[in-house]
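The values are calculated or read from the model by the stated rules, or taken from the named source; none is laboratory data. Values in this document were obtained by computation on a predicted structure and should not be read as measured data. Every residue, glycine among them, receives a Cβ derived from its backbone with ideal geometry; neighbour counts consider all protein chains shown. Accessible surface areas use protein heavy atoms only, side chains included; no ligands, DNA or RNA. Shrake-Rupley method; radii C 1.70, N 1.55, O 1.52, S 1.80 Å.
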Amino acid sequence: MSQKIYLLDTNIISEPTKVSPDKKVVQRLADNLDYSCICSIIWAEVLSGVKLLPEGKRKTGLFDYFVENVQKLYDILPFDTSCASIYSDLIQRLKEKGHPFPKFDSMIAATAIANNLILVTRNTSDFEPIKEISNLMIENWFD
């Protein structure tokens, strides 16, 4: 197993499923496959999002894509005790600064920090308050 560098957010691993996916993002996914992973929080977001869709071809296609491609191609990091400790520190610091502390985003950020990974997301602004109070590293492959 190669050294992981990137923790991919839901909006990154979902990009290939779009009707007109961003070619740059799809290429970066291919180029960095061996260096990328997801975390259990992102996996939960993906599965719950697909399972909440109405029955039909789209739901079946997305489920197949995520199980047959994403789950098999990417390591899925657990939310472990190290992540939990960092998460609790982030929540405390965010509250002290008067920032909102979205649970899932904070858990994703904690996983990236605990594993010294660069979080790749389109929603960089959602993670800026966390970046301000921690050593969270963020990249936007849409830029």
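Here are a few things to note about the model shown:
- Looking at segment 71-143, the strands (runs of 3 or more DSSP E) lying wholly inside it that each contain 1 or more residues that are open to solvent by 50 Å² or more (accessible area, probe 1.4 Å) sit at 75-77, 137-139.
- Matching residues in segment 18-32 - criterion: being in a helix (DSSP H, G or I) and open to solvent by less than 50 Å² (accessible area, probe 1.4 Å): VAL25, LEU29
- Just so you know, in segment 9-25 the residues that are farther than 17 Å from GLU68 by Cβ and hydrophobic (A, V, I, L, M, F, W, C) include one that is farthest from the chain's Cα centre (by Cα), and it is VAL19.
- Verdict on GLY49 being outside any helix (DSSP H, G or I), among the small types (Gly, Ala, Ser) and either over 25 Å from PHE142 (Cβ atoms) or open to solvent by less than 70 Å² (accessible area, probe 1.4 Å) (or both): no
- For segment 52-61, a residue qualifies if it is assigned to a helix (DSSP H, G or I) and among the small types (Gly, Ala, Ser), and exactly one does: GLY61.
- Among the residues making up segment 83-123, those that are over 10 Å from the mean Cα position of the chain (by Cα) and among the acidic types (Asp, Glu) are ASP89, GLU96.
- Selected residue [more than 20 Å from TYR6 (Cβ to Cβ) and in contact with a Lys or Arg (Cβ under 9 Å, 6 or more places away or on another chain)] from PRO129, PRO100: PRO129
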